[in-house]
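One structure is given below, encoded as structure tokens.
The values are calculated or read from the model by the stated rules, or taken from the named source; none is laboratory data. Treat the numbers as computed from the prediction; the structure is a model and nothing was measured. Note: ideal-geometry Cβ built from the backbone for every residue, glycine included; neighbour counts use all protein chains shown.
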Amino acid sequence: MRYVARRLMHSLLLLAGVSVLSFVFSELAPGDYYSELQAEGRVSAATLSALRSQNGLDRPLPLRYAIWLRSVAHGEFGYSLAYQGPVGPLLAQRIPGTLLLTCLSTGLAWLLALPIGVWSAANRGYQYDTILKVSLSILLSIPELLLAIILLAIAVQTGWLPAGGMHSPGGGSLIDLLRHLAIPVTVLTLGLLPVLIRHVRSAVSEAMGSAFALAAAAHGIPRRRLLLRHVLPVALNPLISLLGLSLGSLLSASLLVEVLVGWPGLGPLFLEAIFARDFAVVLGVVMVSTSFLIAGNLVADLLLYRADPRIRV
Amino acid sequence: MGSDAVLTVRGLSKTYSQRRWWGGTVPGIRALHDINFTVARGRTLAVVGPSGSGKTTLARCLAGLEQPEAGEIQFAGAPVEIQLIFQQPAASLNPRFSAAEVVEEPLVIQRRGSKPERRDRAALALERVGLSRTILGRRSHQLSGGERQRLAIARALIVEPKLIVLDESLSGLDIRLQEHIARLLADLQSRLGISYILITHDLGLASRLAAEIAVLDGGHIVDCAPPADLESRSTHPATRELIAASKVLAV
């Protein structure tokens, strides 16, 4: 319990650090939400400066940060100039979509990677394993965005799958949702899969080559039991740590894929906010992704803590 | 020896081949060539040789971890009654298993006995190697080096083996611990009538523990004699080199 409390404290500190850095970087970046209006020249300079001071953009950085912190405490996470409202509800609306996509893809990728990786490690050096290795290398070298575009093109050409969005107009059934999920989940899963399989394969191979696995084999332990009962639990440690990282890395991939397939998650919101220089929303999404990453790692560390009694830090 | 032989090895040969990625194989190193020996019940045969002489390959063939390509291994018992104790017994313990699980695992896979029976036998095996029952719940990282060594021996003992192959199991231990384990092995031999094949590069150790010493060099057995006669009966330069080396070390 004390371990969890300490980890939570670390996480809060990390979030605070990320928010401070984000503020500093936003200050260094040129322009703000009103720069575009200014460039168009239709709004007078006086009006613009009035708007800026009305929205507090002319205040010094530390003060703006303090105001932002207060709004975080109220659950508002700042004020979006583009949406003319607090950021909190905007994020809350988009988070479930992104979570659904990332958790589903991560889960699916791991479900596939574990058996394939173990199988591949058990058949190291045979033809099938070589074929698998080559296909993984090819898959690894295809960018996710290209994969998404190819799948979308196929979907549009054939009409088998919807080419974007989360629901068909008027349709809200589970089947409809799954049909919309198919492309983004496939892209994200295939993107993560080669990395995971390689890690599972090497972790299992390493554990299989260790002296205790050899000793177990010498005792005539059947191959299946050897792999599942002896080797896999030992190979699991590095994989559990990877689980946390995979959640975080998938999130960043997900933001891009969401934009491409028009998935109503954080991705499109983030992109729009960047183009509009709607800083509060950008910061909100950054904070959410950081929290995802922290949560993923925390879950992984707790699993590791449970799985291996040697790791009691 | 004759009918009293526990193990008879005739014409054993082993060549390691390399697997090609498309599935073919290319012949590689010839590790063992026409090996013949017998081990009598309750006796110890030492197999001594320099690195790369084929000692470990021999151990692995005897334990069934490698398939020899020629020759026969006649063993008076079930295959499981040959047990192998590794070069680093401590590393041969699964880090995620408790001492009880380590020792019971051979019984579990053979579906021998109920759970409480297995626990009793595990405790008995631990007792035989001088470990207390209280360590049953501990994992290997919570044990000392000597305890791990004994645990590995207990695991071999639990299936009531007729032959234990010790593959450099005593090397790399500090002298005092080596002495303890050697005494333990000798004690188990006299009480349970187990035969040992002691594989080592240490001729001194072999002379103290074994009734007979076979010298392995380049995959051939070049000399085989009781320790006292080895020097006078040796015919091969490899044997003389080993004797000379052990004398230097003894001084």
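Tally up the residues in the stretch A:121-173 that are within 26 Å of the chain's Cα centre (by Cα), closer than 20 Å to A:VAL185 by Cβ and among the hydrophobic types (A, V, I, L, M, F, W, C), please.
Adding up the residues that qualify gives 18.
Scan the stretch B:13-30 and give yes if some residue there is farther than 16 Å from B:GLU212 by Cβ, hydroxyl-bearing (Ser, Thr, Tyr), over 15 Å from the mean Cα position of the chain (by Cα) and modelled with pLDDT of 90 or more, otherwise no. Give the derivation first.
Initially, the stretch B:13-30 is screened for residues farther than 16 Å from B:GLU212 by Cβ, giving B:13-30.
Of the ones still in play, those that are also hydroxyl-bearing (Ser, Thr, Tyr) are B:13, B:15-17, B:25.
Next, from what is left, pick out any that are over 15 Å from the mean Cα position of the chain (by Cα): B:13, B:15-17, B:25.
Keeping just the survivors that are modelled with pLDDT of 90 or more gives B:13.
Checking the stretch B:13-30: at least one residue is farther than 16 Å from B:GLU212 by Cβ, hydroxyl-bearing (Ser, Thr, Tyr), over 15 Å from the mean Cα position of the chain (by Cα) and modelled with pLDDT of 90 or more.
Which pairs do you get when a residue that is within 15 Å of A:LEU81 (Cβ to Cβ), found in the stretch A:23-36, comes within reach of a residue that is crowded, with 17+ Cβ neighbours inside 10 Å and aliphatic (A, V, I, L, M), reach meaning Cβ atoms under 6 angstrom, with the pair 6+ apart or on two chains?
Between residues of the stretch A:23-36 that are within 15 Å of A:LEU81 (Cβ to Cβ) and residues that are crowded, with 17+ Cβ neighbours inside 10 Å and aliphatic (A, V, I, L, M), the close pairs are A:TYR33/A:LEU81.
Scanning for something of a type outside the set (Val, Ile, Thr), surrounded by 12 or more Cβ atoms within 10 Å (Cβ to Cβ) and farther than 30 Å from A:HIS199 by Cα, does the stretch A:107-128 turn up at least one residue?
no
Given the criterion farther than 27 Å from B:CYS61 by Cβ, surrounded by fewer than 22 Cβ atoms within 10 Å (Cβ to Cβ) and in contact (Cβ under 8 Å) with a residue 40 or more places away in the chain, identify the matching residue among A:LEU242, A:LEU227. Before you say what the answer is, go through the steps one by one.
Details: A:LEU227 fails: farther than 27 Å from B:CYS61 by Cβ.
Exactly one residue qualifies, and that residue is A:LEU242.
Inside the stretch B:147-188, can you point out the residues that are basic (Lys, Arg) and surrounded by fewer than 16 Cβ atoms within 10 Å (Cβ to Cβ)?
Those that are basic (Lys, Arg) and surrounded by fewer than 16 Cβ atoms within 10 Å (Cβ to Cβ): B:ARG176, B:ARG183.
Would the stretch B:156-170 turn up any residue that is on the phi > 0 side of the Ramachandran plot and within 13 Å of chain A (Cβ to nearest Cβ)?
Restricting attention to the stretch B:156-170, the residues satisfying the condition of being on the phi > 0 side of the Ramachandran plot are B:160, B:168.
Still in the list and also within 13 Å of chain A (Cβ to nearest Cβ): B:168.
Among the residues of the stretch B:156-170, at least one is on the phi > 0 side of the Ramachandran plot and within 13 Å of chain A (Cβ to nearest Cβ), which makes the answer yes.
Please determine, by comparing only the residues of the stretch B:63-108 that are of a type outside the set (Gly, Ala, Ser) and in a strand (DSSP E or B), which one is nearest to the other protein chains (Cβ to nearest Cβ). Steps first, please.
Going residue by residue through the stretch B:63-108, those that are of a type outside the set (Gly, Ala, Ser) are B:65-69, B:72-75, B:79-89, B:93-97, B:101-108.
Okay, now just the ones that are also in a strand (DSSP E or B), so B:72-75, B:82-85.
Details: B:GLU72: 20, B:ILE73: 15, B:GLN74: 19, B:PHE75: 14, B:ILE82: 9, B:GLN83: 8, B:LEU84: 5, B:ILE85: 9 Å.
Selected residue: B:LEU84.
Of all residues in the stretch A:207-258, which are within 13 Å of another protein chain (Cβ to nearest Cβ), in a helix (DSSP H, G or I) and of a type outside the set (A, V, I, L, M, F, W, C)?
A:GLY209, A:ARG223, A:ARG224, A:ARG225, A:ARG229, A:HIS230, A:PRO233, A:ASN237
Out of B:ARG60, B:ARG118, I need the residue that is within 14 Å of chain A (Cβ to nearest Cβ), assigned to a helix (DSSP H, G or I) and modelled with pLDDT of 85 or more. Which one? Walk me through it before giving the result.
Values: B:ARG118 fails: within 14 Å of chain A (Cβ to nearest Cβ).
Answer to the selection: B:ARG60.
So which of A:VAL286, A:VAL259, A:VAL281 is at pLDDT 85 or above, over 16 Å from the mean Cα position of the chain (by Cα) and either within 16 Å of A:PRO89 (Cα to Cα) or outside the structural domain of A:TRP68 (by TED's automatic domain parsing) (or both)?
On the way: A:VAL286 fails: over 16 Å from the mean Cα position of the chain (by Cα); A:VAL259 fails: over 16 Å from the mean Cα position of the chain (by Cα).
That would be A:VAL281, the only listed residue that is at pLDDT 85 or above, over 16 Å from the mean Cα position of the chain (by Cα) and either within 16 Å of A:PRO89 (Cα to Cα) or outside the structural domain of A:TRP68 (by TED's automatic domain parsing) (or both).
In the stretch B:101-108, is there at least one residue being without any contact (Cβ under 8 Å) to a residue 60 or more places away in the chain and more than 21 Å from the chain's Cα centre (by Cα)?
Filtering the stretch B:101-108 for residues without any contact (Cβ under 8 Å) to a residue 60 or more places away in the chain gives B:101-108.
Now narrow it down to the ones that are more than 21 Å from the chain's Cα centre (by Cα): B:101, B:108.
Within the stretch B:101-108, one or more residues are without any contact (Cβ under 8 Å) to a residue 60 or more places away in the chain and more than 21 Å from the chain's Cα centre (by Cα).
Does at least one position in the stretch A:291-308 carry a residue that is on the phi < 0 side of the Ramachandran plot, buried (at least 17 other Cβ atoms within 10 Å of the Cβ), within 14 Å of chain B (Cβ to nearest Cβ) and assigned to a helix (DSSP H, G or I)?
yes
With A:ARG7, A:ARG42, A:ARG59 as the choices, which residue is more than 26 Å from A:GLY265 (Cβ to Cβ) and not in a loop (DSSP other than H, G, I, E, B)?
Details: A:ARG42 fails: not in a loop (DSSP other than H, G, I, E, B); A:ARG59 fails: not in a loop (DSSP other than H, G, I, E, B).
Selected residue: A:ARG7, the only one of A:ARG7, A:ARG42, A:ARG59 that is more than 26 Å from A:GLY265 (Cβ to Cβ) and not in a loop (DSSP other than H, G, I, E, B).
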